[in-house]
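So the structure is just underneath, and the comments pick up after that.
The values are calculated or read from the model by the stated rules, or taken from the named source; none is laboratory data. Values in this document were obtained by computation on a predicted structure and should not be read as measured data. Cβ coordinates were reconstructed from backbone atoms using ideal geometry, including for glycine residues, and neighbour counts include every protein chain displayed.
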Ligand SMILES: [Zn+2]
């Protein structure tokens with residue numbers, strides 16, 4: 001079993017829960033030199049040349065898959081995409097059989113996106129390849145939280161001591177969980193805001209405070225991470241209508257204008273403009289939504305590189321050596 | 001045939017008669033013929049040396065799931081009946097949620113006959129409360145009872161409709177049987193796969209709150225109060241359900257209840273890591289709930305221990321947590337796990353435990369067994385309460401090996417089980 005080049009990072013990246021701040025910092029630092037590669041004419045550093053990576057997407061997710069695919073290609077890996085909107089890659093095949101097949105094919109790394117919480121760990125426990133969780137059910141989406149933190153750090157210069165409020169559908173959100181665990185490990189204060197029907201009971205046990213009113217959250221926070229409101233939540237009776245949701249919890253410029261500071265606004269995408277976030281916010285100066293997309297590729301390059309055994313201090317050299 | 005059996009030299013613990021001390025037993029024609037100190041061996045008697053062992057009335061489990069018909073790869077009536085005697089049980093009540101469900105007299109007769117043919121524990125069929133267990137139309141309960149059903153239940157799920165539950169609690173009174181209820185408000189438990197709380201939140205799994213159970217316990221207790229029918233609440237797991245049961249007892253209602261060994265000791269912390277072996281319905285709850293159901297059993301607010309033995313094939317458990325089936329294989333670990341949960345920490349004496357596993361189930365359901373008094377069926381278990389052993393699921397007699405306590409060291413070993421005076425299971429010391 002390969003050892004990752006960062007202490008505290010094991011064979012896989014399943015979640016940020018339990019990762020130390022220094023481990024997360026090392027990943028973010030490793031992402032820095034990779035950011036610059038994406039700006040070049042030839043966007044490749046062949047540190048993963050000869051490695052095979054499978055992107056195993058049981059749920060449709062264009063943006064995460066494309067971000068991983070760019071990251072893999074820019075590192076010179078051979079990639080295969082396996083997508084299925086159903087519950088199994090080959091009809092009727094169980095996840096345990098998928099794992100056995102991947103093992104037999106001697107794949108180096110697997111990125112998995114799956115609708116069931118725990119699916120990434122399930123796979124990681126059964127194959128020797130490195131497994132990266134690209135989002136499992138409502139559990140975690142660690143690379144999303146890493147790119148959110150990298151973007152915050154870029155904009156505000158630090159994470160330690162920041163106040164970050166996650167806004168919206170917390171109960172169904174893997175992005176929320178990864179951000180809570182990651183931000184806390186990095187020394188930030190985390191709160192959540194949304195209708196109580198979309199906030200898990202007892203979330204305070206995770207060290208998170210709850211704002212019932214968006215105005216109070218905006219007053220408190222240095223940054224808002226605004227989550228997408230899935231349209232299904234309305235049908236399931238969590239909120240009565242999107243219109244009311246926008247009125248009560250929507251992040252608008254009018255609301256942001258009353259903040260005592262320049263609030264940074266993140267959104268993991270895809271956005272429902274006019275529901276959880278107004279267009280003038282999304283496209284405005286406080287939004288870091290496009291830098292998030294750019295950083296997504298860099299963070300994923302860093303994770304792939306480190307899990308493959310790369311050392312963080314060598315990322316800079318790897319970049320230089322290839323130019 | 002009048003085969004005699006002489007069980008001698010043991011410590012007889014029979015809470016139904018307040019007995020705990022050295023005594024011998026003589027069995028004749030499958031019944032207890034004599035019990036007392038220094039009984040001579042009758043001529044031609046089979047001799048069973050019980051020295052160093054506890055001799056107790058065989059355990060009675062009011063809640064098992066044998067998967068026949070429809071799920072024979074998990075358990076058959078025969079394999080279940082043998083797993084039962086390996087766990088010290090001489091009588092088991094089999095839930096009707098098979099495929100198809102046991103909702104007509106022929107099906108009841110099938111379970112009864114297969115149980116008799118198995119040569120393990122006595123298998124008593126529970127009839128479905130509603131046709132197809134769909135919760136719509138009552139089964140022909142009189143016919144089911146005539147065919148051998150001992151109670152009715154839609155377990156696997158609840159009887160959700162309040163009006164129908166009322167009619168069931170009324171109609172069953174003509175036949176002197178209880179309605180066994182799996183208490184779960186479906187809407188409050190929608191899509192849930194574990195207990196609602198911090199562990200579910202951290203794991204991103206859908207949780208069911210305690211009140212999904214307790215609201216139905218409260219409703220059904222009121223329906224029992226209204227109708228006078230015998231409500232038996234299955235597998236109590238939540239502390240708020242205990243409050244409702246305490247109220248029902250204080251009012252003197254005909255409400256009885258059971259708790260499983262796993263709910264007496266395990267918590268939802270065991271689910272961490274997406275351990276599907278700990279996926280069970282009702283779910284493992286918190287330490288406060290464990291404490292409450294344990295205390296309720298001690299106080300008599302909860303009457304008995306029942307296993308909710310729910311065998312599943314290992315492949316079915318080896319999958320995504322959301323998709324794995326609910327259930328724990330319980331018959332062969334029930335005594336040891338209950339010893340560890342209750343007797344070892346001093347909450348109950350061994351005699352109290354035997355009471356909760358044998359005498360009380362017989363008493364609340366009006367069975368002749370669960371006692372070693374003269375004329376009672378010679379359903380007997382020989383126990384080595386101090387012998388510790390390791391749970392090794394591959395050694396289970398059950399066809400399945402789904403348990404979250406594999407590798408646990410448990411006190412209390414079953415050494416021999418007799419049904420109607422015949423030895424149906426035997427194990428050497430240390431085996
Ligand atoms: Zn049940």
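Summary of computed values
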{"read-out": "Residue B:157 vs. criteria within 23 Å of residue B:110 (Cβ to Cβ), more than 15 Å from the ligand (Cβ to nearest atom), within 24 Å of the chain's Cα centre (by Cα) and assigned by TED's automatic domain parsing to the domain that holds residue B:258", "value": "no"}
{"read-out": "From B:345, B:325, B:311, residue being buried (at least 24 other Cβ atoms within 10 Å of the Cβ) and either assigned to a loop (DSSP other than H, G, I, E, B) or more than 14 Å from chain A (Cβ to nearest Cβ) (or both)", "value": "B:311"}
{"read-out": "Of residues in segment B:239-262 being within 14 Å of the ligand (Cβ to nearest atom) and under 19 Å from residue B:165 (Cβ atoms), the one nearest to the other protein chains (Cβ to nearest Cβ)", "value": "B:241"}
{"read-out": "Odd one out for residue A:224, checked against (1) in contact (Cβ under 8 Å) with a residue 40 or more places away in the chain; (2) within 14 Å of another protein chain (Cβ to nearest Cβ)", "value": "(2)"}
{"read-out": "Matching residues, segment A:99-130, being within 11 Å of another protein chain (Cβ to nearest Cβ) and modelled with pLDDT under 90", "value": "A:99"}
{"read-out": "Qualifying position, being in the same structural domain as residue B:232 (by TED's automatic domain parsing) and farther than 30 Å from residue B:54 by Cα, among B:289, B:299", "value": "B:289"}
{"read-out": "Qualifying residue in segment B:401-422 (condition: at pLDDT 95 or above, more than 29 Å from residue B:295 (Cα to Cα) and either in the same structural domain as residue B:63 (by TED's automatic domain parsing) or out of contact with any strand residue (DSSP E or B) (no Cβ under 9 Å at 6 or more places or on another chain) (or both))", "value": "yes"}
{"read-out": "Considering residues of segment B:97-129 that are touching a helix residue (DSSP H, G or I) at 6+ places or on another chain (Cβ under 7 Å) and within 16 Å of the ligand (Cβ to nearest atom) only, the residue nearest to the other protein chains (Cβ to nearest Cβ)", "value": "B:97"}
{"read-out": "Conditions (1) buried (at least 24 other Cβ atoms within 10 Å of the Cβ); (2) out of contact with any strand residue (DSSP E or B) (no Cβ under 7 Å at 6 or more places or on another chain); number of the one not met by residue B:363", "value": "(1)"}
{"read-out": "Scan of segment B:211-235 for residues that are touching a strand residue (DSSP E or B) at 6+ places or on another chain (Cβ under 8 Å) and either within 16 Å of the ligand (Cβ to nearest atom) or at pLDDT below 95 (or both), ordered by number", "value": "B:216, B:217, B:220, B:231, B:232, B:233, B:234, B:235"}
{"read-out": "Every pair of residues 6+ apart whose Cβ atoms lie under 9 Å, when the first sits in segment B:181-207 and is farther than 23 Å from residue B:161 by Cα while the second is within 15 Å of the ligand (Cβ to nearest atom) and modelled with pLDDT under 95", "value": "none"}
{"read-out": "Boolean, residue A:170 is at pLDDT below 95, closer than 20 Å to residue A:233 by Cβ and within 10 Å of another protein chain (Cβ to nearest Cβ)", "value": "no"}
{"read-out": "Selection from segment B:377-399 of residues that are within 20 Å of residue B:424 (Cβ to Cβ), touching a helix residue (DSSP H, G or I) at 6+ places or on another chain (Cβ under 9 Å) and in a loop (DSSP other than H, G, I, E, B)", "value": "B:379, B:396, B:397, B:398, B:399"}
{"read-out": "Yes/no for residue A:182 being more than 27 Å from residue B:279 (Cα to Cα), out of contact with any strand residue (DSSP E or B) (no Cβ under 9 Å at 6 or more places or on another chain), within 14 Å of another protein chain (Cβ to nearest Cβ) and in contact (Cβ under 8 Å) with a residue 60 or more places away in the chain", "value": "yes"}
{"read-out": "Verdict on residue B:8 being more than 24 Å from residue B:360 (Cα to Cα), in contact (Cβ under 8 Å) with a residue 40 or more places away in the chain and surrounded by fewer than 19 Cβ atoms within 10 Å (Cβ to Cβ)", "value": "no"}
{"read-out": "Test: residue in segment A:57-73 that is over 24 Å from residue A:178 (Cα atoms), buried (at least 21 other Cβ atoms within 10 Å of the Cβ) and away from every other protein chain (no Cβ under 14 Å)", "value": "no"}
{"read-out": "Candidate set: segment A:50-68, residues that are in a helix (DSSP H, G or I) and in contact (Cβ under 8 Å) with a residue 40 or more places away in the chain; chosen: the one nearest to residue A:132 (Cα to Cα)", "value": "A:68"}
{"read-out": "Condition met for residue A:199 (closer than 25 Å to residue A:120 by Cβ, modelled with pLDDT under 95 and in contact with a strand residue (DSSP E or B) (Cβ under 9 Å, 6 or more places away or on another chain))", "value": "no"}
{"read-out": "Residues that are under 16 Å from residue B:212 (Cβ atoms), more than 16 Å from the ligand (Cβ to nearest atom) and part of a loop (DSSP other than H, G, I, E, B), drawn from segment B:160-191", "value": "B:187, B:190, B:191"}
{"read-out": "Residues located in segment B:192-201, provided they are assigned to a helix (DSSP H, G or I) and buried (at least 23 other Cβ atoms within 10 Å of the Cβ)", "value": "B:200, B:201"}
{"read-out": "Which listed residue, of A:176, A:191, is away from every other protein chain (no Cβ under 14 Å) and either part of a helix (DSSP H, G or I) or in contact with a helix residue (DSSP H, G or I) (Cβ under 7 Å, 6 or more places away or on another chain) (or both)", "value": "A:191"}
{"read-out": "Residue list for segment B:282-299, restricted to those being in contact (Cβ under 8 Å) with a residue 60 or more places away in the chain and surrounded by 21 or more Cβ atoms within 10 Å (Cβ to Cβ)", "value": "B:282, B:283, B:284, B:285, B:289, B:296"}
{"read-out": "In segment A:138-150, the residues that are farther than 10 Å from residue A:292 by Cβ and either surrounded by fewer than 24 Cβ atoms within 10 Å (Cβ to Cβ) or more than 12 Å from chain B (Cβ to nearest Cβ) (or both)", "value": "A:142, A:143, A:145, A:146, A:149"}
{"read-out": "Residue that is closer than 20 Å to residue B:339 by Cα, within 16 Å of the ligand (Cβ to nearest atom) and over 13 Å from the mean Cα position of the chain (by Cα), where the choices are B:297, B:284", "value": "B:284"}
{"read-out": "Residue among B:115, B:120, B:80, B:70 that is in a loop (DSSP other than H, G, I, E, B), more than 20 Å from residue B:4 (Cα to Cα) and in the same structural domain as residue B:155 (by TED's automatic domain parsing)", "value": "B:70"}
{"read-out": "In segment A:85-97, residue modelled with the lowest pLDDT [restricted to those that are within 14 Å of another protein chain (Cβ to nearest Cβ) and within 24 Å of the chain's Cα centre (by Cα)]", "value": "A:87"}
